[in-house]
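The structure's right below; bear with me while I get my questions together.
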Amino acid sequence: RNHEFLFSALAAGPALLLILCSFTGKEVLWLSSARCFASMALPDVPQGAAEVVRYCRVQVFGDKGCAEQRQEPTCTRVPFLRMGAFWVLLCCSVALRQAAGQAFISPPVLNYDSTMSDTAIAVFVQTENDTVIQYTLDGADPVSSSSALRIDSEKFIHVEASGMLRAVAVSQSFPNVASTEVTLNIFVRQGRFGRAILVPYHHSQPSYSGRVVEVDLDTTKYNSIRIHNVFTDLADYYSEGGVGPYERSLDNENPEPQVYVRDVAEGDPELVGFQRGFVYTSEVDGTAYGILVPFINGAQYSGKVARVRFGNDDFRNDSSIHFAVNATGHRTLCDEADPRCLVKVLDLSAVDERLRGFVGGFVSGRHGYLVPFFDGISVGHLVAKVDLEDFTVASVQVLSLFNGGDQRHGGFFDGFAHGDYGYLVPSRSYFGPLNGTHTMYTADGFSGADTIFERSASAGDHLRPRFHGQLVRFPLASFDSFEVLDLEDEDPDLRGFAGGFTIGPYAFLVPYQREPNVFHGKIPRIHLENFTLVDTLDLQAEVDAGLSGFVGGFAYGKYGVLVPYRNGRYDLNKYFREHLGKVARFDASDFSSPSVDFVDLPAVPRQQVPSRAEPDLRGFVDGFSLGNYAFLVPNFNGIRHGKLVRIDMRDFGAYARHQREQPDGEPLQPLITGNDGVQFVDLSLHDPRDVGFSGGFPIV
């Protein structure tokens with residue numbers, strides 16, 4: 001900074017430069033050369049500034065002098081008039097000022113998960129104090145371009161299309177001084193592609209479900225139509241209500257339906273009632289697998305993890321099998337050694353009887369981590385680590401959160417990995433009459449009936465739930481310890497979450513309930529590098545009283561998206577329902593109430609024919625982004641339903657503004673944006689049992 005001050009003074013007073021030259025000779029005019037910068041223990045000046053200084057030397061010494069001093073064969077004079085001495089020196093001082101700026105202003109630091117993505121990405125940008133970042137996404141000059149944008153300090157750059165990111169840090173005190181440029185080539189896949197895998201939970205036909213549903217999201221192969229400037233493609237216009245799935249593609253030689261189902265319970269009736277799942281891509285051969293997380297099967301809390309093969313369209317291949325028939329004619333699990341077999345099962349309860357009742361999980365490397373919720377006796381506290389390649393009992397590792405005798409740590413709802421750590425999202429624990437655990441007997445005289453295997457074990461008879469805010473993290477590699485961040489220490493209302501996700505170095509937890517049937521909308525932002533709570537955004541208090549009771553969330557670039565489930569607000573929800581349909585979106589860069597938008601799905605006209613709003617678009621759990629779209633997984637809206645929703649995220653802000661500006665009491669008019677808006681496909685029209693899912697994930 002001292003050199004920077006000197007060069008600023010030189011720019012203001014050429015006379016001072018003359019005095020300085022009398023002591024230092026020509027050296028000051030050659031300040032950009034590698035030799036002089038090395039003598040000052042400074043890095044080489046970037047090429048751009050060096051060329052400006054070279055031009056100034058040429059004006060003073062001419063071509064020959066420049067070549068002699070730089071030991072270069074040639075030194076081309078810039079072809080315009082020689083300036084007077086005063087302006088020459090002023091030019092040199094400005095050039096030196098630029099050189100100093102580039103030497104002393106560090107370029108912005110770009111952090112990102114990947115430069116190739118199947119959906120929008122967030123580039124986390126950091127810069128020094130007293131600087132701002134100018135950037136472009138189309139490859140244009142970030143300094144001179146009028147379209148260059150500016151951000152302060154630490155921010156996210158939202159990228160939802162392929163292009164070149166160019167960024168520089170610019171001094172706020174000296175706006176003409178910028179750092180060297182950083183560039184990043186980014187590929188973001190757009191359009192309609194991939195498949196949605198929906199995790200079976202409960203279909204009320206009559207009970208828990210094992211029907212794994214695959215939905216083809218590449219609708220270009222089906223009979224999409226355009227009517228009255230409305231392009232509808234997710235569902236078949238010619239089906240019931242125009243919202244049923246396509247029965248066959250346009251490929252006459254190999255027609256295939258949009259929806260394909262395999263019921264894994266056909267091989268084992270206990271393979272039902274899963275809670276969420278995740279995708280694993282083999283590190284050995286690139287095969288895509290879906291991991292279904294066991295929760296309850298109707299008779300007992302389950303520990304049977306199912307690994308389903310989806311790679312190479314095996315799931316739809318008629319030669320593939322998901323069960324076998326034994327000698328007596330009964331269906332059983334197929335032999336995992338049979339290459340046709342799609343399903344492999346790992347019973348975690350064979351490792352430890354308490355490895356049951358998980359909600360969600362995540363993958364890191366070749367390992368999957370299953371998140372404990374409730375095991376039938378007490379709050380779930382055993383984290384399971386499974387080698388997803390080996391997928392045997394011998395590969396399972398267990399981390400007990402009751403280590404040290406502290407039995408407060410348990411009852412989590414999903415988790416995620418970031419860096420070297422895995423994280424468990426705090427939800428609720430249970431306390432019973434026998435030192436906080438579930439009694440093995442009934443309450444009416446202790447008759448000896450074993451209730452561990454009864455549905456009532458979910459807390460109906462003996463246990464009382466207690467929602468908590470203990471965020472747990474553990475090292476993924478060693479898997480031998482854990483630490484706890486108790487969010488209630490900062491705010492007693494920060495408890496009872498249902499999922500979480502990361503954007504850059506931050507985690508955001510999805511607000512659900514803080515007491516039974518008391519829903520909340522407080523989103524905590526946690527800095528994962530130092531494992532601290534940064535701040536909180538209260539959607540209910542600061543944005544809309546109905547924004548609470550979300551289950552699941554995900555990132556779309558720099559935006560966080562919360563999936564609406566149930567808030568119990570009959571007075572606020574459209575059509576006086578208990579379940580809500582308000583999808584909330586916040587900006588991770590801003591993380592304040594002005595950055596929040598929401599779209600009320602039951603009130604929004606759809607980009608389908610007919611375009612009228614669908615009042616039953618509510619009661620979702622989990623979701624994901626793919627391409628430019630967000631997908632919401634159907635669960636329960638008063639009944640188990642199968643309405644899979646797709647939102648074009650390029651339209652989200654326009655739809656939110658459209659709803660805000662609509663006068664109260666008047667129905668919304670259709671909004672034509674040129675994109676795909678809001679559409680849904682009703683999977684129950686494929687089969688009434690294709691409803692009530694607990695999660696979903698994309699396969700590409």
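The values are calculated or read from the model by the stated rules, or taken from the named source; none is laboratory data. What you see is a predicted model, and the numbers here were worked out from it, not measured in a lab. Cβ atoms come from the backbone with ideal geometry, glycine included; neighbour counts cover every protein chain shown. To get the accessible areas, we keep the full protein, side chains included, count just its heavy atoms, and leave off ligands, DNA and RNA. Shrake-Rupley method; radii C 1.70, N 1.55, O 1.52, S 1.80 Å.
Look at the range 642-654 and say how many of its residues are more than 23 Å from Val188 (Cα to Cα), of a type outside the set (Gly, Ala, Ser) and open to solvent by less than 10 Å² (accessible area, probe 1.4 Å).
Count: 1.
Pairs under 7 Å by beta carbon, first residue closer than 30 Å to Ser378 by Cβ in the range 335-355, partner modelled with pLDDT under 95 and open to solvent by 70 Å² or more (accessible area, probe 1.4 Å), six or more apart or different chains?
Lys344/Glu336
Follow-up. Which one is most open to solvent (accessible area, probe 1.4 Å), of the residues in the range 171-218 that are closer than 30 Å to Pro107 by Cβ, outside any loop (DSSP other than H, G, I, E, B) and touching a helix residue (DSSP H, G or I) at 6+ places or on another chain (Cβ under 9 Å)?
My answer is Ala178.
Right, here's the next one. Somewhere in the range 681-700, is a residue charged (D, E, K, R) and within 30 Å of Val159 (Cβ to Cβ)?
Looking for residues that are charged (D, E, K, R) and within 30 Å of Val159 (Cβ to Cβ), one finds none in the range 681-700, hence no.
Out of the range 491-504, which residues are surrounded by fewer than 18 Cβ atoms within 10 Å (Cβ to Cβ) and closer than 23 Å to Gln407 by Cβ?
Scanning the range 491-504 gives a single hit, Pro492.
Still on this structure, please answer the following. Filter the range 169-197 down to the residues that are under 27 Å from the mean Cα position of the chain (by Cα) and either basic (Lys, Arg) or farther than 30 Å from Phe274 by Cβ (or both) and list them by number.
Once the filter is applied, which keeps residues that are under 27 Å from the mean Cα position of the chain (by Cα) and either basic (Lys, Arg) or farther than 30 Å from Phe274 by Cβ (or both), the range 169-197 yields Val182, Thr183, Leu184, Asn185, Ile186, Phe187, Val188, Arg189, Gln190, Gly191, Arg192, Arg195.
Among Leu617, Leu644, Leu671, which is the only one that is modelled with pLDDT of 95 or more, part of a loop (DSSP other than H, G, I, E, B) and more than 17 Å from the chain's Cα centre (by Cα)?
Result: Leu617 is the single residue among Leu617, Leu644, Leu671 that is modelled with pLDDT of 95 or more, part of a loop (DSSP other than H, G, I, E, B) and more than 17 Å from the chain's Cα centre (by Cα).
Could you tell me whether Arg585 is open to solvent by 20 Å² or more (accessible area, probe 1.4 Å), closer than 22 Å to Gly695 by Cβ, at pLDDT 95 or above and touching an Asp or Glu at 6+ places or on another chain (Cβ under 8 Å)?
Values: open to solvent by 20 Å² or more (accessible area, probe 1.4 Å): yes; closer than 22 Å to Gly695 by Cβ: yes; at pLDDT 95 or above: yes; touching an Asp or Glu at 6+ places or on another chain (Cβ under 8 Å): yes.
The answer is yes for Arg585.
Does the range 399-413 contain at least one residue that is in contact with a helix residue (DSSP H, G or I) (Cβ under 8 Å, 6 or more places away or on another chain) and either part of a strand (DSSP E or B) or surrounded by 16 or more Cβ atoms within 10 Å (Cβ to Cβ) (or both)?
Here is the first cut: in the range 399-413, the ones in contact with a helix residue (DSSP H, G or I) (Cβ under 8 Å, 6 or more places away or on another chain) are none.
Among the residues of the range 399-413, not one is in contact with a helix residue (DSSP H, G or I) (Cβ under 8 Å, 6 or more places away or on another chain) and either part of a strand (DSSP E or B) or surrounded by 16 or more Cβ atoms within 10 Å (Cβ to Cβ) (or both), which makes the answer no.
On the basis of being of a type outside the set (Lys, Arg), at negative phi and touching an Asp or Glu at 6+ places or on another chain (Cβ under 9 Å), does Pro602 make the cut?
yes
Could you check how many residues of the range 524-558 are outside any helix (DSSP H, G or I) and either farther than 30 Å from Phe187 by Cα or of a type in the set (A, V, I, L, M) (or both)? Write out each step before concluding.
Quick first cut of the range 524-558, residues outside any helix (DSSP H, G or I) only: 524-538, 543-558.
Then keep just the ones that are either farther than 30 Å from Phe187 by Cα or of a type in the set (A, V, I, L, M) (or both); that gives 524, 526, 528, 530-538, 543-551, 555.
Summing the residues that are outside any helix (DSSP H, G or I) and either farther than 30 Å from Phe187 by Cα or of a type in the set (A, V, I, L, M) (or both) in the range 524-558 gives 22.
Mind checking which residues of the range 321-352 are assigned to a loop (DSSP other than H, G, I, E, B) and farther than 22 Å from Asp390 by Cβ?
Correct list: Phe323, Asn326, Ala327, Thr328, Gly329, His330.
When you scan the range 581-614, how many residues do you find that are assigned to a loop (DSSP other than H, G, I, E, B) and farther than 26 Å from Thr219 by Cβ? Full working, then the answer.
Quick first cut of the range 581-614, residues assigned to a loop (DSSP other than H, G, I, E, B) only: 581, 588-592, 596, 604-614.
Then keep just the ones that are farther than 26 Å from Thr219 by Cβ; that gives 588-592, 596.
Total meeting the criteria: 6.
Let me ask another. Just give me the residues in the range 110-120 being touching a residue at least 12 places away in the same chain (Cβ under 8 Å), under 30 Å from Leu217 (Cα atoms) and out of contact with any Asp or Glu (no Cβ under 7 Å at 6 or more places or on another chain), in sequence order.
Tyr112, Thr115, Met116, Ser117, Asp118, Thr119 - these are the residues of the range 110-120 that are touching a residue at least 12 places away in the same chain (Cβ under 8 Å), under 30 Å from Leu217 (Cα atoms) and out of contact with any Asp or Glu (no Cβ under 7 Å at 6 or more places or on another chain).
Assess whether Thr232 counts as being crowded, with 19+ Cβ neighbours inside 10 Å, over 22 Å from the mean Cα position of the chain (by Cα), over 30 Å from Val109 (Cα atoms) and of a type in the set (Val, Ile, Thr). Can you show your working first?
On the way: crowded, with 19+ Cβ neighbours inside 10 Å: yes; over 22 Å from the mean Cα position of the chain (by Cα): yes; over 30 Å from Val109 (Cα atoms): yes; of a type in the set (Val, Ile, Thr): yes.
Yes; evaluated as a whole, the condition is true for this residue.
Ok, one more. For Asn252, all conditions in the list (1) within 28 Å of Asn312 (Cβ to Cβ); (2) crowded, with 22+ Cβ neighbours inside 10 Å hold save one; what is the number of the exception?
Condition not satisfied by Asn252: (2).
Within the range 362-373, how many residues are of a type outside the set (A, V, I, L, M) and open to solvent by 10 Å² or more (accessible area, probe 1.4 Å)?
6
Moving on. Could you tell me whether the range 471-491 includes any residue that is in contact with a helix residue (DSSP H, G or I) (Cβ under 8 Å, 6 or more places away or on another chain), closer than 13 Å to His418 by Cβ and not basic (Lys, Arg)?
Yes, the range 471-491 contains at least one residue that is in contact with a helix residue (DSSP H, G or I) (Cβ under 8 Å, 6 or more places away or on another chain), closer than 13 Å to His418 by Cβ and not basic (Lys, Arg).
Suppose the filter is farther than 16 Å from Phe104 by Cβ, at pLDDT 95 or above, out of contact with any Pro (no Cβ under 6 Å at 6 or more places or on another chain) and not hydrophobic (A, V, I, L, M, F, W, C); does Ser162 pass it?
Against the criterion (farther than 16 Å from Phe104 by Cβ, at pLDDT 95 or above, out of contact with any Pro (no Cβ under 6 Å at 6 or more places or on another chain) and not hydrophobic (A, V, I, L, M, F, W, C)), Ser162 qualifies.
Related question: Give me a count of the residues in the range 353-386 that are over 24 Å from the mean Cα position of the chain (by Cα), closer than 23 Å to Val199 by Cα and either of a type in the set (A, V, I, L, M, F, W, C) or in a strand (DSSP E or B) (or both).
Here the count works out to 3.
Please specify each residue of the range 283-303 satisfying the condition of being in a loop (DSSP other than H, G, I, E, B) and open to solvent by 10 Å² or more (accessible area, probe 1.4 Å).
Scanning the range 283-303 gives Glu283, Val284, Asp285, Gly286, Thr287, Phe295, Asn297, Gly298, Ala299, Gln300.
So, one more: Kindly indicate whether Ala306 is within 26 Å of the chain's Cα centre (by Cα), among the small types (Gly, Ala, Ser) and either open to solvent by 30 Å² or more (accessible area, probe 1.4 Å) or closer than 25 Å to Pro688 by Cα (or both).
yes
Yes/no matrix, rows are residues, columns are (1) over 21 Å from His686 (Cβ atoms); (2) open to solvent by 10 Å² or more (accessible area, probe 1.4 Å); (3) touching a helix residue (DSSP H, G or I) at 6+ places or on another chain (Cβ under 8 Å):
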position: Pro610; (1), (2), (3): no, yes, yes
position: Ala613; (1), (2), (3): yes, yes, yes
position: Leu617; (1), (2), (3): no, no, yes
position: Asp622; (1), (2), (3): no, yes, no
position: Gly627; (1), (2), (3): yes, no, no
position: Arg640; (1), (2), (3): no, yes, no
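Please go through the range 465-483 and give me each residue that is surrounded by fewer than 18 Cβ atoms within 10 Å (Cβ to Cβ), of a type in the set (A, V, I, L, M, F, W, C) and either out of contact with any Asp or Glu (no Cβ under 9 Å at 6 or more places or on another chain) or not in a loop (DSSP other than H, G, I, E, B) (or both), ordered by number.
Selection gives Phe479 alone.
I would also like to ask the following. Determine if the range 218-234 includes at least one residue that is more than 25 Å from Asn628 (Cα to Cα) and either among the hydroxyl-bearing types (Ser, Thr, Tyr) or modelled with pLDDT of 95 or more (or both).
no
Quick one: which residue in Gly499, Gly504 is touching a Gly at 6+ places or on another chain (Cβ under 7 Å), under 21 Å from Ser595 (Cβ atoms) and in contact (Cβ under 8 Å) with a residue 40 or more places away in the chain?
Going through Gly499, Gly504 in turn, just one is touching a Gly at 6+ places or on another chain (Cβ under 7 Å), under 21 Å from Ser595 (Cβ atoms) and in contact (Cβ under 8 Å) with a residue 40 or more places away in the chain: Gly499.
Restricted to the range 505-517, and to residues that are under 18 Å from Pro492 (Cβ atoms) and surrounded by 14 or more Cβ atoms within 10 Å (Cβ to Cβ), which residue is nearest to the chain's Cα centre (by Cα)?
Leu509
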